[in-house]
Structure formats: C-alpha cells, structure tokens
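Visitor: Starting off with a structure, shown below.
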Amino acid sequence: MTDRELLAGMWDDMSKSYTWIPAWSKSFADLTPQQAAWKPSADRNSIWQHLNHICFWREVTIRRLQNEPPSEAEVAKCNFEQPSDVSLAGWQAAQQRLMKSHELIRAALTNEKVPVEKLKYLLPHDAYHLGQVMLLRGLQNLPPVGYD
C-alpha cells in the first residue's frame, strides 16, 4: 500500500466510521444550530466555528495547490468564522460544506499529480479540532459520539 492509498483510506475512515476518533459524519449530525453555535465564553470558539475553520483550511489547501493562496485579510476573516445565520438551513449548509471539502481533499489525495506531502497534515489538524468539538459537546452535556 502506498502512502497515498493509506492516507486516502484514513481520510474516508475519519469521515464515515468510528476509528480511534468519532466519525465526522456523526459528530455534527445530531446537533441543533444553537448547540453548534454555543460558546463556553465569549473569547472561545463554538463547534460551528471549528467546523468553519476545518472547511476553510481544507479549501485553502486546494487553492494553494492551484497557486491561489488566501490573502491575510481573508485568513483573518474566515479563520474560525462565526456563523452569520444560526438557523437549521445555515447549519445544514455548514455541514454540506464540510462534506464538500472532504470530497475535494479526497480527490486531491487520489490524484497522482498532487504531492501527497502537501496533504498529510490535514489528518492530524482535523483530528485535533474534532477533539475540540467533542470537548464542547461534553461541556453542553450532550451525549458522546460512539461506535458505529
């Protein structure tokens, strides 16, 4: 198995099933928009902001591969961006963005023309933020995301 195949398999596992961490697809699915937007204090990030952060950096990774890096102003605005529409439609759109960003990275992982070294840090980055999401779920007394 090549590094590329290994990373692509791990990428899919993280999205669909409980491995060492809960699956992306299940970690956000049972949350209301209000739970996703909740913050333990004003200077902390919400689950929704973590989701936006993950999506943003996945999209930036793809853009960088296309030689289109973000500006400093865009990073300042979009890194941990707060939701502008705390509604069911807004929350569903955010989750769809996550799935779309997953597919963009998966396509890059399976593209032999893309250096795998440019993608390898997304797994630990996303796993770290998923841990933050699980902590924020716990602080709200929400049930843990368990095994399939």
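Visitor: Where does helix 47-65 land angle-wise versus the long Cα axis of the chain, in degrees 0 to 90, nearest 10?
Guide: So the inclination is approximately 20 degrees.
Visitor: Please order Phe56, Phe28, Phe80 by the number of other Cβ within 10 Å, starting at the fewest. Don't jump to the answer; show the numbers that get you there.
Guide: Details: Phe56 20, Phe28 24, Phe80 15.
Ascending number of Cβ neighbours within 10 Å: Phe80, Phe56, Phe28.
Visitor: Once label points are set 7 Å from the Cα along Cα→Cβ at both Met1 and Asp43, what is their separation, rounded to one decimal in nm?
Guide: 4.4
Visitor: Using square roots of five times the C-alpha gyration tensor eigenvalues, list the equivalent-ellipsoid semi-axes of the stretch 3-139 in whole Å, biggest first. Before the final figure, lay out the partial values.
Guide: Values: eigenvalues 123, 67, 31 Å².
Rounded to whole Å, the semi-axes are 25, 18, 12.
Visitor: So, counting K/R as plus one and D/E as minus one, what does the shell of residues with Cβ under 14 Å around Pro115 add up to?
Guide: +2
Visitor: Mind checking which lysines have their Cα closer than 21 Å to the Cα of Lys77? Skip sequence neighbours fewer than 8 apart in that chain.
Guide: Result set, ordered by chain and number: Lys39, Lys100.
Visitor: Using only alpha carbon pairs under 8 Å that are at least six residues apart, calculate the relative contact order of the stretch 3-139 and give it in whole percent. Provide the component values of the computation, followed by the final result.
Guide: Numbers: 126 pairs, mean separation 44.7, N = 137.
Once divided by the residue count of the stretch 3-139, the mean separation gives 33 percent.
Visitor: In degrees from 0 to 90, rounded to the nearest 10, what is the angle of the helix 122-139 Cα long axis to the longest principal axis of the chain?
Guide: Once rounded, the angle reads 10 degrees.
Visitor: Follow-up. Rounded to the nearest 500, what is the chain's calculated 222 nm mean residue ellipticity when only DSSP H runs of at least 4 contribute -39500 (n - 2.57) each, over all residues?
Guide: Dividing the helical sum by the residues of the chain leaves -19000 deg cm²/dmol.
Visitor: Treating only the Cβ atoms of Lys and Arg (+1) and Asp and Glu (-1) as charged, compute the dipole magnitude of the stretch 88-144 about its Cα centre; round to the nearest 20 debye. Working shown, then result.
Guide: Details: 7 positive and 4 negative charges, 16 e Å.
The calculation lands at about 80 debye.
Visitor: Would you mind working out the magnitude of the charge dipole of the chain relative to its Cα centre, with +1 at each Lys and Arg C-beta and -1 at each Asp and Glu C-beta, to the nearest 20 Debye?
Guide: Dipole size: approximately 80 debye.
Visitor: What nm distance separates the two modelled labels at Leu88 and Leu142, each placed 7 Å from Cα along Cα→Cβ?
Guide: 1.7
Every number in this text was worked out from the coordinates using simple rules, so none of it is lab data. Owing to the predicted nature of the structure, the values given are computational and were not obtained by experimental measurement. As a convention, Cβ positions derive from the backbone with ideal geometry for all residues, glycine included, and neighbour counts pool all protein chains shown.
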